[in-house]
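Some notes on the structure that comes next.
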Amino acid sequence: MEPKRGEDVAIQSIRGMHDLYGAEMGAWSAVEKVVHKTFQDFGYKEIRTPVLEKIEVFSQTVGEDTDIVQKQMYTIERSDEQLALRPEGTAAFVRAVIQHQLHRLPGAQRFYYYLPMYRYERPQKGRQRQFFQFGGELINDASPEADAEIITLLDQIYKALGLSHYEVRINTLGDSESRAAYRKALEEYFRPLLGELSEDSKARFERAPMRILDSKHEADQSAVQKAPRIGEYLTDFAKAHFESVKQRLNQAGVSFIVDPLIVRGLDYYSLTAFEFVSDQLGAQSALGGGGRYDGLAERFGEKPIPAVGFALGMERLMLALEASQKMPKVPAGPFLYLAPLGAAAFERFYPLSLELKRHGLECELLYEKDKNLKWQLKQANRCGAQYALLLGEEEVAKGVAVLKNMSDGGQKEIGLDRIVEQLKQVHST
Ligand code: AMP
């Protein structure tokens, strides 16, 4: 029976959730490697939290009227417990910090995560229901330098990958005193305009009028553009903090623009908020973003823990790399294809192939014992190997093998004794 393919297969993956394999998976791994390394270069240590959490981890923290909490969570009920698949990393991170008392460790603590997230959103380019985020979190430090470090780190991740088509937009959401004053001003401003606003914004007006500024609805745009800006309502402390963040970013050579409409979708941010926006992604233009969230711990019933962080989406990063033609080059095939011609050659090559693998030299040997040269070279081409190692009866007798460069066809003999060392040398050049 013919195997079923593509659309005909009865059971497929869930809409908005994708399998990664082949060349795409190779490119992801290469990018992930750069991101892991950049985090590690900045002194961030990896942390992994479970994919399932008690629902309160998110419902108490992210904001009752946010899209995430209201309509996007995948929830499960088990033994009378309400659980949720992690829709975002920071709340779960803070749950772990408090559980393990990581904030009691002396001085600033730096963490990062790389985890899948789940949100029931309408899938489109750059928007999925399962997507991967890298996140960086710096706790126990309330200084503007910490905010600038986090922004510099996110900028460095993109730079290390060769991206340049993005803008760093920063804003301050003020401290709680600034926000109370600003909220009042926004309420006064939006109240007479309520009739013209979108339904979403009307709903936001009651609980979080600041979030109206984040609206993408056409109907809200003119009101949003003319709305009062937070700058006039900042306390001296909030103003000074923001000035220092900007100064430190200038010092670090990170270009940015101040965008008073960056408010971030979630409830728990204060002071610095930022977004990295690409002009190559279409509607889903946010590459990554974050901000300061000192008050998040209070939602778990704890004292505030100074903290600042960001999350970056891998899918959008891959789209941006593709659009900028900066996708890392990944070798299409193994370093070496072993081509035994006859049984005696196969006997030599079988243990050699395992020995090479143990030495970190990727090679392919097919367990076919009596194939001719033409067949072997065809397979070497098919698998995309950089080199083929040919061994016939004559060569076995002479104690040599023939190394063929598959891209230029050049050949040379190498001795079978010390062959691993010789191949290692070729591999490293
Ligand atoms: P957020 O947690 O909403 O602030 O998102 C942080 C980053 O995660 C965004 O800038 C995107 O790069 C990525 N992201 C958020 N939601 C999705 C999604 N549904 N699909 C793919 N990437 C997403």
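Details
- Of all the listed residues (191, 127, 204), the sole one being open to solvent by 20 Å² or more (accessible area, probe 1.4 Å), in contact (Cβ under 8 Å) with a residue 24 or more places away in the chain and out of contact with any helix residue (DSSP H, G or I) (no Cβ under 7 Å at 6 or more places or on another chain) is 127.
For every residue, the table says whether it meets (1) aromatic (Phe, Trp, Tyr); (2) under 20 Å from residue 159 (Cβ atoms).
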| position | (1), (2) |
| --- | --- |
| 199 | no, no |
| 234 | no, no |
| 246 | no, yes |
| 300 | yes, no |
| 314 | no, yes |
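- Condition check for residue 92: away from the ligand (no atom under 16 Å from the Cβ), at pLDDT 95 or above, of a type outside the set (D, E, K, R) and surrounded by 14 or more Cβ atoms within 10 Å (Cβ to Cβ): no
- In segment 8-28, residue nearest to the ligand (Cβ to nearest atom) [restricted to those that are open to solvent by 50 Å² or more (accessible area, probe 1.4 Å) and in a helix (DSSP H, G or I)]: 24
- Hits in segment 133-173 - residues which are polar (S, T, N, Q), under 14 Å from the mean Cα position of the chain (by Cα) and assigned to a helix (DSSP H, G or I): 156
- The requirement of being closer than 24 Å to residue 283 by Cα and of a type outside the set (Asp, Glu) is not satisfied by residue 82.
- Filtered by the rule that a residue be closer than 14 Å to residue 345 by Cα and of a type outside the set (S, T, N, Q), segment 368-387 gives 368, 369, 370, 371, 373.
- Near pairs, Cβ below 9 angstrom, 6+ apart or cross-chain, from segment 362-375 (buried (at least 16 other Cβ atoms within 10 Å of the Cβ)) to any residue that is acidic (Asp, Glu): none
- Among the conditions (1) away from the ligand (no atom under 16 Å from the Cβ); (2) under 24 Å from the mean Cα position of the chain (by Cα); (3) over 18 Å from residue 114 (Cβ atoms); (4) not acidic (Asp, Glu), residue 68 misses just one, which is (1).
- Residue list for segment 165-180, filter: modelled with pLDDT under 95 and open to solvent by 40 Å² or more (accessible area, probe 1.4 Å): 165, 176, 177, 179, 180
The values are calculated or read from the model by the stated rules, or taken from the named source; none is laboratory data. Keep in mind the model is a prediction, meaning the values are calculated, not measured. Neighbour counts are summed over all protein chains in view; Cβ atoms, including those assigned to glycine, are modelled from backbone coordinates with ideal geometry. We work out accessible area using only protein heavy atoms, side chains counted, and drop any ligands, DNA or RNA first. Shrake-Rupley method; radii C 1.70, N 1.55, O 1.52, S 1.80 Å.
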